[in-house]
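The values are calculated or read from the model by the stated rules, or taken from the named source; none is laboratory data. Since the model is a prediction, treat every value here as computed from it, not as a measurement. Glycine also receives a Cβ, built like all others from the backbone with ideal geometry; neighbour counts cover every protein chain displayed. These accessible areas exclude ligands, DNA and RNA; they are computed on the full protein's heavy atoms, side chains included. Shrake-Rupley method; radii C 1.70, N 1.55, O 1.52, S 1.80 Å.
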Amino acid sequence: MAGIRVEIRGTVQGVGFRPWVARLARGLGVTGSVRNDARGVIVEAFATEKDLQLFLQQLRVDAPPAARIVSLRSTALEPETRTEFVIELSEKRGPKALSIPPDLATCEQCEAEVLDPANRRYGYAFTNCTSCGPRFTIATGIPYDRAQTTMASFEMCRACESEYTNVEDRRFHAQPNACPECGPSLAFAMLGEGVALSSNPLGATAELLKAGGVAGIKGLGGFHLACDASDPVAVELLRERKRRDQKPFAVMVRDLGAARELAKLSEEEEALLLSPERPIVLVERRKGTSIAPEVSPDTPLIGLFLPYTPLHRLLLEAVGRPLVMTSANVSDEPICKDEEEARRRLEGIADALLLHDRDIAMRCDDSVVRVIAGAPTVMRRSRGFVPRPFMLRSPVARPVLACGAHLKNTFCIAVGDSAYFGPHIGDLETVAALEFFEEAVARMETILSVQPEVIAHDLHPGYLSTRYALARSGAELVGVQHHHAHVVSAMAERGIVGPVLGLAFDGTGAGIDGTSWGGEFLLCFHDRFERLGTFRPIRLAGGNVAMREVWRIAYALLHDAFDGEPPLEDLPLFKKVPLDALRLVNQMLERDLNAPRAHGVGRYFDAFGALGLERPVSSYEGQIAVSWDFAADSETLDSYPFEIDGAATPAQIDLRPSVRALVNDIVEGTPPGAISARFHRTVARASAGLAETLLQEIGPVPVALTGGVFQNARLCSDIELQLSSKYEVLRHREVPPGDGGIAIGQALIADAFLGDKG
Ligand code: ZN
Ligand code: ZN
Ligand code: FE
């Protein structure tokens, strides 16, 4: 006989882990116990040496689908004689730390039950079990227990109760366990009239959608707006009502087979679609499918996802076609979560609402993932991921709240050796968004039982996240440079403390010299950085207006490259720009008035893209860049000339020669596909070239590719290819490369900075 004690850490609570361990142990004749503790699960096991080895091996490989084992440590125990293997209830053992898992997509068994006419949960939209169902979005406090969820008001019927209390049942301790007898129910209401009308809410919603209407659907982390994705009129109607110019809509399909019809999927993409997080997966859509082009105009990408609650699954079954499912909000305000709020805010947008009576405690938008150059990369980390922590290589000295950036805001709380991202907040531009931010921070502090002693924020004084930090008392404040935070967020994923040469490429971010940065080569440690290189700045005539009117950026670039004499008559783009606007912009540049300098690589994409595609205006952040990426042909392999000024401090990449070559190409009628390919190649060669020069001086440290620009697969893989034979290249996986990921970097920087001082 032998004994072992196994400590398992990661997402192992609320996912059916203990019953699974018990079944495994009993199957192998192992005795002992399993229980939750503050950091995961503790197993004590007794059996023969051989059986214990087998047990350990299966613990490592066979965990339930929603569990994520971060570490598993076993130590020897004095053998004891026990008669059985038991699950010890953690309630007996003092308070727990964070025990709330992320929301989990419906498991196969529950889905089968919902679709089985003989099952007592046939057609029941709120079916769940220990391995699936709502978690974070229904939690109102800790520990995670039915009484501390929005299921508290529903009393379990006898059948549900017996599932809940039976260790052998797959609903043992499934906190949101419910059935049609005792659980939440659906309702259908036409907007404006206010009465729940139908006896068959799902059917009524399906009829409305099939007839080309728009429905607001209360789901897991908030409301969606839905319409028939194959009906161009319906999609256009939704677009108009939602005031969402051209931003792509996500599309939900009933299963993997339906997804395959709409897009060519790689193995990684299929795995992501089916993962328990069920994110929206950005994939390249097939041509000539049933999906209306209006769903994602002017990009070949489409965001697909599969149903993650029985409600969604049943709705898709009833409608029988793919549905646009987009967060219910106007422009970039937070997603709606309550019925009253939905009635008010969706008036005039949705024709009717599909409602239910289980409250959403915490808003949580859908997550977005994309396979970038072979690597699954989380672009928006929210539902399904939150609040699963990142394990830090070394613990933070004091709890830190990092407030994130401005656009695509996500905050992060680091405590001990864990870092917890909050849900996706969105663009912090409105009062509603700021309120959501404050509400979400407060709730995360509650469920983590933590009072931040350090607050990290961006250096930009205008960001609402910065103002929030400055207004909060009782904590030490640390301002963190935006691109330093980007690089450290990439390092955090791999537990690297530096030095690392970070290529932080994005659209904008406050530098420490008063200009806007975004084409940065930073030598980074957690507590400091050195700016070794950058791109030659472009002037933004009119400031922020230029982000939308990208022709202004193109004009400034030409003005710079042609010494104040841009060859406008050769360039079709400027035929689309009013003459007086051109004159005004020219004046701003000549007099250097309201034309701030910006180093962002994103601005080069805007400028070259505008010229090559003859597109004067970008209707949303990144629109031109994505079109420009996909415009590139794969035959063209050469690049434009560029210069690197190595004597400057920081060294500077100068693309003026490329601008002149581009004008030549346009004059000669070169197709945009070749121009785009050359441009991408140029940026990649210049960047890898400067990186290599710098690395020869500083030594072979790892290189991190970070910032929103690295969502561009072409650029990302090209730079990686050029550097990876000699250097370790760090890319984002679980932490978003864009501004949604910087909060973890901010937290680590603030901690290291104060640690040094102390
Ligand atoms: Zn289930
Ligand atoms: Zn029941
Ligand atoms: Fe950024």
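Rounded to the nearest angstrom and listed largest first, the equivalent-ellipsoid semi-axes of region 619-671 from its Cα gyration tensor are 24, 18, 11.
With the simple spin-label model, which puts each label point 7 Å out from Cα in the Cβ direction, the Ser185 to Ser71 separation comes to 5.0 nm. The share of alpha-carbon pairs in region 186-356 lying farther apart than 24 Å comes to 30%. Look at where the Cα atoms of region 594-660 and of region 123-141 average out, and the two centres are 47 Å apart. For the peptides 140-152, 296-308, the ranking by packing is 296-308, 140-152, with the highest mean count of neighbouring Cβ atoms within 10 Å listed first. The length gained on full extension between Leu301 and Arg660, counted as 0.36 nm times the residue separation minus their Cα-Cα distance, comes to 126.1 nm.
Value of Rg to Rh for region 2-87, rounded to two decimals, is 0.92; Kirkwood radius and Rg both from alpha-carbon coordinates.
Taking K and R as +1 and D and E as -1, what net charge do the other residues with C-beta under 12 Å from the C-beta of Val233 add up to? Overall, the nearby charge balance is -4. Per-residue extension of 0.36 nm, minus the Cα-Cα distance of Glu347 and Leu256, leaves a gain of 29.4 nm for this segment. What does the charge count near Ala211 come to, summing +1 for each Lys or Arg and -1 for each Asp or Glu among other residues with Cβ under 14 Å from its Cβ? So the environment of Ala211 carries a net charge of -2.
Taking amide H as placed 1.01 Å from N in the peptide plane, Ala651 has its amide H under 5 Å from the amide H of Gly533, Thr534, each at least 5 places away in sequence or on another chain. Projecting the Cα atoms of Phe17, Ala651, Gly755 onto the charge dipole of the chain (Cβ charges, centred on the Cα centre) puts Phe17 farthest toward the positive pole. Taking 1.567 mPa s as the viscosity and 4 °C as the temperature, the Stokes-Einstein diffusion coefficient of region 112-165 based on its alpha-carbon Kirkwood radius rounds to 104 µm²/s. Each label point was placed 7 Å from the Cα along the Cα-to-Cβ direction; for Ala112 and Ala647 their separation is 7.4 nm.
Note on region 186-356: dipole from Cβ charges, positive end direction compared against Ser327, Phe223, Ala259; the farthest Cα belongs to Ala259. The distance from the alpha carbon centre of region 155-217 to that of region 269-302 is 28 Å, rounded to a whole number. Three principal axis extents describe the C-alpha atoms of region 44-199; from largest down they are 69, 36, 30 Å.
If you take the Cα centroid of region 345-414 and the Cα centroid of region 500-516, the two points sit 24 Å apart. Listed peptides 53-62, 77-86, 101-110, 36-45 appear in the order 101-110, 36-45, 53-62, 77-86 once ranked by packing, highest mean of other Cβ atoms within 10 Å at the front. Share of carbon and sulfur in the accessible area of region 186-356 stands at 49%, probe radius 1.4 Å. The helix-based estimate of mean residue ellipticity at 222 nm for the chain, built from -39,500 (n - 2.57) per DSSP H run of four or more residues and divided by its residue count, is -10000 deg cm²/dmol to the nearest 500. The residues packed around Glu520, meaning those with a beta-carbon under 12 Å from its beta-carbon, carry a net charge of -2 if Lys and Arg are +1 and Asp and Glu are -1.
Both the radius of gyration and Dmax for region 564-709 are 16.6, 52 Å, in that order, over alpha-carbon atoms.
Average projection, convex hull of the Cα set of region 155-277: 11.2 square nanometres.
Maximal additional length on extending the Met1-Glu438 stretch stands at 151.8 nm, based on 0.36 nm per residue less the C-alpha distance. Computed from the alpha carbon positions, the gyration tensor of region 400-483 leads to an equivalent ellipsoid with semi-axes of 18, 15, 12 Å, biggest first. Using only alpha-carbon positions in the chain, the gyration tensor eigenvalues give semi-axes of 46, 33, 23 Å once each is multiplied by 5 and square-rooted (largest first). For the peptides 242-251, 605-614, 314-323, residues were scored by their other Cβ atoms within 10 Å and the scores averaged per peptide; the highest-first order is 605-614, 314-323, 242-251. Take the Cα of Leu579, step 7 Å toward its Cβ, do the same at Asn594, and the gap between the two points is 2.2 nm.
What the chain shows is 38 Å² of accessible area per residue, with the surface traced by a 1.4 Å probe over protein heavy atoms. Computing Rg and the Kirkwood Rh from the Cα coordinates of region 308-353 gives a ratio, Rg/Rh, of 1.00.
Assuming R0 = 45 Å, can you tell me the calculated FRET efficiency for the pair Lys50 and Asp417, based on Cβ-Cβ distance, to the nearest 0.05? Calculated transfer efficiency: 0.85. Kindly flag which residue pairs out of Lys287/Lys408; Lys218/Lys337; Lys242/Lys337; Lys247/Lys408; Lys242/Lys264 have an alpha-carbon separation exceeding 19 Å in this structure. As for pairs spanning more than 19 Å Cα to Cα, those are Lys287/Lys408; Lys242/Lys264. By the rule of a second cysteine Cβ within less than 4.7 angstrom, the chain holds isolated cysteines at Cys110, Cys129, Cys160, Cys179, Cys227, Cys336, Cys364, Cys403, Cys412, Cys524, Cys716.
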